[in-house]
1. Can you name the condition, by its number, that MET194 falls short on among (1) surrounded by 15 or more Cβ atoms within 10 Å (Cβ to Cβ); (2) without any contact (Cβ under 8 Å) to a residue 24 or more places away in the chain; (3) under 22 Å from VAL17 (Cα atoms)?
2. Looking at segment 274-326, which of its residues are of a type outside the set (Gly, Ala, Ser) and on the phi > 0 side of the Ramachandran plot?
3. Just give me the residues in segment 249-286 being out of contact with any strand residue (DSSP E or B) (no Cβ under 7 Å at 6 or more places or on another chain) and more than 14 Å from ARG129 (Cα to Cα), in sequence order.
4. Among the residues of segment 198-210, count how many are at pLDDT 95 or above and over 16 Å from ALA250 (Cβ atoms).
Amino acid sequence: MSAFKPMDDQGAVDHRVLDQALEWLVLLQSGTSSAEQQAGCLAWRRADPQHELAWQRLAGLGQDLRDSTRSLPAARTRQLLQARSHPSRRTLLKGVVGLGVVAASSWSVRERLLLPQLFSDYHTATGERRQLQLAVGTALQLDTRTTLDLQDRVQGPQLRLNSGRLLLTLGNAAPVRVVTAEARIHLAPLSQLMVSVGLPGHRGTRVQLLSGSASVSLGQGPGQVLGPRQQVDIEQRMSLVTPVAAAASAWTQGLLIAERMPLGEVIAELDRYRPGLLRCAAEVAGLRVSGSFSLDQPDASLDLLARTLPIRIQRVMGYWASVTAA
């Protein structure tokens, strides 16, 4: 795999344009796009310089990986690159959880904290994403393994994110507050925000403002105002404000788009979407990865990584998997 070369043009791209580019990328990578759809993508790219810039940034990241699949049969390529499947819930597991809820009345508070998904207002299972309409003009999308509580306050609605990641889109409605163990975020109307807790790459809370305005504070302290495409990380203290990555919201489309991301972080992100245990050996965790990967088909993404990196995927009964040096 050749060394990654960032694009020379680092101008800002509107997140809505990036979302459109992601949709075109998913369609064309699926291997099922028609000639009319391919022509439509080309027309969209030519319609505005921002469209072409967004396309080049996303499509250019994974060129080495896409090149590696050209010799594969079309059906295999679709299996590796398509990111549109939706795993079903496990009926047996739901039954077990139901029994657990009945018995939970005698549990201590400490034990309840071990299974927050049983006591949260909203939660998603492994591999599941969920869209919610909380109120008129307030849309919410939850990532996999996310737990969330919806609380009413005198000053307005409050969302408590306990784990995972959310995307909150607020229309012309009342301001909304999002709280985590580390931070309090006030989101202004006509804004879009992502908040994550304990994800690969950061231990605490990450706040990413895609559009509009938001204020982030630690406890009762003064707030840090964020502008569009700005983010902060919060653990014991707040980091400096940095730019939001161009494809930070790709997970909403079922994609992980990496730009020189450590392999260990890529594997950790795929692990969140894959039932079972997935581990990465320290000897290969530092390898840099650039490309687009399906979150809905994590095992196919692992196979794609193994074709382009000096690594080996070892699986045991389809449940345990480890990534080691080849």
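The values are calculated or read from the model by the stated rules, or taken from the named source; none is laboratory data. Here the structure is a predicted model, which is why all the values come from computation and not from measurement. Backbone-built Cβ (ideal geometry, glycine too); neighbour counts: all protein chains shown.
1. So MET194 meets the others, but not (2).
2. MET317
3. Matches in segment 249-286: GLU265, ALA268, PRO275, ALA282.
4. The qualifying residues number 3.
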